[in-house]
Every structure is written in structure tokens, then in C-alpha cells.
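As C-alpha cells, the structure follows; a few thoughts come after it.
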Amino acid sequence: MAQAITLSQSHISMSELNNLYGEKVKEIHSKMENGTSIGSDFLGWRDLPNTLPADELTSVLKTAEKLRKLAEVVVVIGVGGSYLGAKAVQDALSPYFERNVEDPELIFAGQNLSGTYMKQLLKHIDGKEVAVIVISKSGTTTEPAIAFRILLEYMENRYKEASSERIVAITDKSQGALRELADRSGFTTFVVPDDIGGRFSVLTPVGLLPIAVAGIDIEQLLAGAKDAVAEYAGDDLSSNAAYQYAAVRNHLLSEGYNVEILASFTPRFATFHEWWKQLFGESEGKDGKGIYPASVAYPTDLHSMGQYVQDGRREIFETFIQFAQPVEDSSIPTTKDNLDGLNYLSAKTMNEINDVTLQATMQAHHDGGVPLMHITADKHDAYHIGYLIYFFEAAVAMSAYLLGVNPFDQPGVEEYKKNIFRMLEKPGFVEEK
Ligand code: PA5
């Protein structure tokens, strides 16, 4: 099987990388395999594309079909790992401007606490046929819980007893307020598996249902991820590109490069950057350690962040993602008078010029002292996005273990939650006077 994505870098030779990290990678891999690594209760994502039950997939597809028939607009409520994967894949694979007429509009809520956003959302959906997917693994996160309370009231007022037909909840199998509410109200439900954390859950119903509702082929997404599982199953650093990416990152960190910028030249890939930032930021940023994950959408950001990357503090390395075969292309017209002086480009397409701009940028940043990695995906489609998702999941687990942290917890996220409960005077959290 040919690799659907390739990784290249010239910062460190393969033999040196192997000398530095080969044995350690084998050791960590073996601990993940036999379930003795730290956080090993959360390794369910490793074989998920193979272990997702067929009847679960059928049920996701059926529910998606039902919501597509019922609704013109589907509000997807969730935050963090219960939001970013679905939005990333939807944005990456949807047309820029015109939605296919048969696809409902997906809008997201519960990822912010803006009253203005909610007010305008309610105005936007009014008069349209609406369905709601509410996603929270814990079932208690404040932001989505508030959004759902408001949307639930809206749905009940509008659709009365038929509202439960239009609401799907994705949460823990038995715990949390959302589970109880969903069971009592008779919503269709899906379970977030116990052994899969939020940021690793895009290939569970958490991501699959909204993505399928958006009209994207989730079987292709899973097929890509499944091939990636096979591709990155080995413990040999010299043949496992996901582990190479993890090892190079750690090597760069050891040399003082503590910021990684993910860069792409594909505008609709920008939300995927956000998913990647959460995956790496929450998995690695702990115990005073980590590589700060940042992102840029080029060429737009060449005109804002380009100066800093080229010339600012030398603590940055950059990982470029490129799709070898973009979906569509535009030609550059020739003009008779050539007043803008662009006729020299008219034998080229826009995508060809985009690729040259990528090469020019990589060369400039390399010359400016920015170590580079370059990931190329053969095509921009569901299969390759699924493949990339798994590549990064396999990479971040190895990378965090090499760094010496538990990839699967997020103790720091809890701190602000405790503060808002206290400040909002949630029963049980009020300070004694
Ligand atoms: O990756 C994670 O675990 C977090 O980002 C969660 O997904 C996020 O905090 C939302 O949590 P929940 O799904 O429990 O509402």
C-alpha cells in the first residue's frame, strides 16, 4: 500500500534521529501496545477505525440521513474536542461558497458564551426547519450546557412533543447531566467511548455524526484513517513517519525551538489547524513542558505574520501541509495590453503559482533560520483527511511520551472551570464567608 501522505525534513539525518530516539520510540510503542504507558486507559483511538462497530456506523448514517431530511439547519453544540474535529473536517471538505442544496447548513454553538452570538443564532434559525446535536463527553461542561438549555427551550416551544425527534445527544454512556436529560427526554443518543478523550474523538460519533449530516463521506474518512492505522502500526522509527514527526519535534525542542507553526496554503484547511492546535496543545502543554502550537494560513498570513517568522526570535519551527492535487483550478487570462505586467504568468494556473509561493516561502524561512518539516497529502478529499487525522493522533501520543508527559489528560483545563463555578456561585462551590 502506497503512503497517502509523506513527511520530509532536512534538519537532522535519519541515522542521527535513530541514534537519539530509535530505542526510546520502540520502548514507548511497546508500552502503548501492552497498555502499560501512563494514561493507557485512553488508548481507544489507536485502533478505532477498525473497532468501530458496524451497527454503530449504520446507526450514525441513518441518524444523519434522518436529520438531513428533517432540517434545513442543524445546530451542533459542543466545545473543545466535542466541536473542533467536526468543524475542521466540515470546513476542509465543503465548498467555499455555495452549499449543495441537499446539505443542511451546520452551525456551531456552545463553543462561546457570547449572548450576541446566541441571540443572532436564534434569529438566523427561526423560520427554518431545525435539528440539534448536542455533544459533551462529561455532560457537564458549562459552555455547551448553557447553549443547550437555550436551544432546548427553543425547540420545545417550537416543535412541542415532536422536538425530541429532532435532538440527538452524544455523551457518556451513563454519567453526567446530559445523559440523564437525554434518557428522560427520549432523544436519540450515541456514546463517547470511555477510553477515548475529547480531542481524540473525531472518528467516533462525536465527529462522524455532524460530518455525515454535512454530506461528507464518513466511510471514506474512516477508510483513510484505517489505512493510516496499518501504516503507523510499527515501532521502527525509520519507517514510521508519524513517529519521525514526533521525534523531530522533540529534537527541535531540545535545540531551543519551542514554538511550532503549522502552515498551509489551503484556506479551507484553517479550522483543521485549530483541531491540530488543540490536539497538540492539550496533550503536551503540562508540567511546565510542551511545544507551543501555532498556525498560519498562507499566503494571507505572509502579509501579517511572515515578517515575524522570517526575522523574529529564532525559537520557531514550521510544518507545512500541502495537498498534491487540489480539487479545482483557475487559469490566468492573457491580456492584449498587459498593463498589469502579468502576462508572464498566463501559462500557469493559480494552484501552480500557489505551489511556487509555498516553495518560495519554505526557502525564505529556511534561509532565515527556521527549521522546516513538509507533509504532503496526495489529494484533498475525505480519505486523505482521515489519514491525516490518524497521522497526527499517532504522532502526538508518541511526541508527548517522548516529552515525558501524559498525552491524555488535561488537568489545567479544570482550573478555570473551578473559578467560574465559584464566581458564578454554583451550589457547592461558594466560598465560606
Ligand atoms: O479534549 C478534551 O478532553 C477537551 O477539550 C474536551 O473535549 C472539552 O473540554 C469539552 O468537554 P466535554 O465533551 O466533556 O463537554
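Miscellaneous remarks
- Length gained on full extension, residue 342 to residue 165, computed as 0.36 nm times the residue gap minus the Cα-Cα distance: 58.0 nm.
- Modelled spin labels at residue 330 and residue 421, positioned 7 Å past Cα toward Cβ, are 5.1 nm from each other.
- Largest mean-square fluctuation among 61, 203, 122, in a Gaussian network model of the chain whose springs join Cα atoms under 10 Å apart, belongs to 122.
- Computing Rg and the Kirkwood Rh from the Cα coordinates of the range 40-123 gives a ratio, Rg/Rh, of 1.02.
- Approximating the spin labels as points 7 Å out from Cα along Cα→Cβ, the residue 359-to-residue 413 distance works out to 4.2 nm.
- For the range 1-142, the Stokes-Einstein estimate of translational diffusion at 25 °C and a viscosity of 0.890 mPa s comes to 126 µm²/s, using the Kirkwood hydrodynamic radius over alpha-carbon pairs.
- The chain - mean residue ellipticity at 222 nm from DSSP helices (-39,500 (n - 2.57) per run, n ≥ 4, rounded to 500): -14500 deg cm²/dmol
- Reference-scaled alpha-carbon Rg (2.2 N^0.38 Å with N residues) for the range 179-280: 1.39
- When the Gaussian network model of the chain links Cα atoms closer than 10 Å, the mean-square fluctuations of 123, 379, 62 top out at 123.
- Fully extending the segment from residue 16 to residue 184 would add 54.6 nm, taking 0.36 nm per residue of separation and subtracting the current Cα-Cα distance.
- Gyration tensor (alpha-carbon) shape descriptor, the range 281-324, a/c threshold 1.5: oblate
- Counting 0.36 nm for each residue step from residue 54 to residue 97 and taking away their Cα separation leaves a gain of 12.1 nm.
- Charge dipole of the chain about the Cα centre (unit charges at C-beta), most positive-ward option of 110, 369, 94: 110
- Centre-to-centre, using Cα atoms only, the range 37-112 and the range 163-208 are separated by 12 Å.
- Percentage relative contact order, the range 144-276, counting C-alpha pairs under 8 Å, at least six apart: 12
- The mean sequence distance of close C-alpha pairs (under 8 Å, at least 6 residues apart), as a share of the length of the range 124-174, puts its relative contact order at 57 percent.
- Inter-probe distance in nm under a simple model that places probes 7 Å from Cα toward Cβ, at residue 174 and residue 430: 3.3
- When the Gaussian network model of the chain links Cα atoms closer than 10 Å, the mean-square fluctuations of 116, 36, 300 top out at 116.
- Taking the chain and dividing mean pair separation by its residue count, relative contact order in percent (alpha carbons under 8 Å, at least six apart): 22
- P(r) tail fraction, the chain - alpha-carbon pairs more than 30 Å apart, %: 47
- Per residue, the chain exposes 46 Å² of accessible surface when a 1.4 Å probe is rolled over the protein heavy atoms with every protein chain present.
- FRET efficiency, 1/(1 + (r/R0)^6) with R0 41 Å, evaluated for residue 223 and residue 349 via beta carbons: 0.90
- FRET efficiency, residue 140 to residue 31 (Cβ-Cβ, R0 22 Å, nearest 0.05): 0.10
- The share of accessible area on the chain that comes from carbon and sulfur is 51 percent, using a 1.4 angstrom probe.
- From most to least packed by mean Cβ count within 10 Å, the peptides 257-270, 37-50, 131-144, 328-341 give 131-144, 257-270, 37-50, 328-341.
The values are calculated or read from the model by the stated rules, or taken from the named source; none is laboratory data. Quick caveat: nothing in here was measured; it's all calculated off a predicted structure. Positions of Cβ are generated from backbone atoms using ideal geometry, with glycine treated the same way; all protein chains shown enter the neighbour counts. Only protein heavy atoms, including side chains, enter the accessible area calculation; ligands, DNA and RNA are left aside. Shrake-Rupley method; radii C 1.70, N 1.55, O 1.52, S 1.80 Å.
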